[in-house]
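Okay, so here's the structure we're looking at.
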Amino acid sequence: MVAGSACGKVILLGEHAVVYGHPALCGALRDGVQIEAVPGSGILSVPAWGLRVSAVKASDGSDLARAYGAVLASLGIPPSALHHDLVVRFSIPTGAGLGSSAALSVALARALGAILQIPLTPDQVARAAQAAEEVFHGRCSGLDHTVAQQGGFGLFRRPDGLVPLKAPPLPLCIGLTGRPRDTRGRVARVAELYRDRPVETRTLFRRIEELVEAAARAVTSGDLRALGTAMDENQVLLGQLEVSCPEIDQMCQLARSAGAWGAKLTGGGGGGCVIALSPGAEAAVHTAWRRAGFTSFDATIGGVEALAA
Ligand code: PMV
């Protein structure tokens, strides 16, 4: 039985600055994760990560165990109440900046509510997911678990949350660098830059905010060329924030040479994924990446799902 599910996410523009209260433009990837419940004693397993953790020992050990403990504590559930095991199945690549840990956190809270027949409010799910995300990533904006929970497409800003925007379907090529994204390390590096060079870093954040606003206008007016330009400019600023890496730079360059209108990292950076907006040139982008040894796939954000949000 599927007891809980949640969406993945793509940040189109605005990652990192969003941690400091600036807006980010983002959309859900439907079918991020599903959690199945089977009779058992509270074991949480993630076959994709080769991990199995027990609710009884949840507060120590791996990040997964501590995140599980954080969700149980947030919901006030004692391990002895659990008479099911939970199995996590991802439909998106994990460790890639596509919100897999947030999707897991939201789906886990929902699954626990379902198997124990506790009617959880959206606030309770959000608080439990935030507690788990702090274990996985340290300081975080809340964007990932908000989109995992609500789906749709829009502008996210702390502390207001997600303001839905009407967007046409935005077809993206998503390429994997093959290097795990380093959200915790890159968020920490940006915090160092903010401490050591506050004026320059704040200027970069403000410039990113202008690009996010321009991109939001471009999306709502259907001007995908302008969206691509804003993505490219955001990638330059992310490089200046030291959250890119050689593979990301190479993949962005390959995508642009193959006809993409814009390309950038998405999520924490330091590895993970590149997104390319390439209407009509998707096949050429995938070919260029695959020839260079990178795997990739197509995904769409916005569209009907965004209108439903
Ligand atoms: O790498 P991800 O999918 O966890 O995305 C991180 C996005 C950041 O803006 C870098 C951090 C955050 O909490 O918003």
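Just for the stretch 148-175: of the residues that are more than 19 Å from GLU209 (Cα to Cα) and within 13 Å of the ligand (Cβ to nearest atom), which one is surrounded by the fewest Cβ atoms within 10 Å (Cβ to Cβ)? The extreme case among them is ILE174.
Screening the stretch 1-77 for strands (runs of 3 or more DSSP E) wholly inside it with 1 or more residues that are crowded, with 24+ Cβ neighbours inside 10 Å returns the ranges 2-13, 24-39, 43-46.
Here the condition is being assigned to a helix (DSSP H, G or I), away from the ligand (no atom under 13 Å from the Cβ) and in contact with a His (Cβ under 7 Å, 6 or more places away or on another chain); of ALA126, ALA111, ALA102, ALA107, it holds for ALA126 alone. Just so you know, in the stretch 59-99 the residues that are under 12 Å from ALA3 (Cβ atoms) and charged (D, E, K, R) include one that is nearest to the ligand (Cβ to nearest atom), and it is ARG89. For VAL199, the criteria (1) within 11 Å of the ligand (Cβ to nearest atom); (2) without any contact (Cβ under 8 Å) to a residue 40 or more places away in the chain; (3) not basic (Lys, Arg) hold in every case but one, which is (1).
Of all the numbered requirements in (1) surrounded by fewer than 24 Cβ atoms within 10 Å (Cβ to Cβ); (2) within 10 Å of the ligand (Cβ to nearest atom); (3) without any contact (Cβ under 8 Å) to a residue 60 or more places away in the chain, PHE136 misses one, and that requirement is (3).
Looking across the stretch 163-201, just one residue is among the hydroxyl-bearing types (Ser, Thr, Tyr), assigned to a helix (DSSP H, G or I) and under 17 Å from the mean Cα position of the chain (by Cα), and that is THR183.
Taking ILE208 as the residue in question, decide whether it is among the hydrophobic types (A, V, I, L, M, F, W, C), outside any helix (DSSP H, G or I) and either in contact (Cβ under 8 Å) with a residue 40 or more places away in the chain or within 14 Å of the ligand (Cβ to nearest atom) (or both). Criteria not met by ILE208. Can you confirm whether ALA292 is buried (at least 24 other Cβ atoms within 10 Å of the Cβ) and over 20 Å from VAL190 (Cα atoms)? In short, no.
A count restricted to the stretch 213-248 and to residues that are free of Cβ contacts under 8 Å to residues at least 12 places away in the same chain and either more than 20 Å from the chain's Cα centre (by Cα) or crowded, with 22+ Cβ neighbours inside 10 Å (or both) stands at 5. Residue count for the stretch 72-101, restricted to those that are in contact with a strand residue (DSSP E or B) (Cβ under 7 Å, 6 or more places away or on another chain) and at positive phi: 2.
All of the numbers you see were taken from the coordinates with simple rules; none came from a lab. In this text, all values refer to a predicted model and were calculated from it rather than measured experimentally. Heads up, the Cβs are rebuilt from the backbone with ideal geometry, glycines too, and the neighbour counts pull from every protein chain shown.
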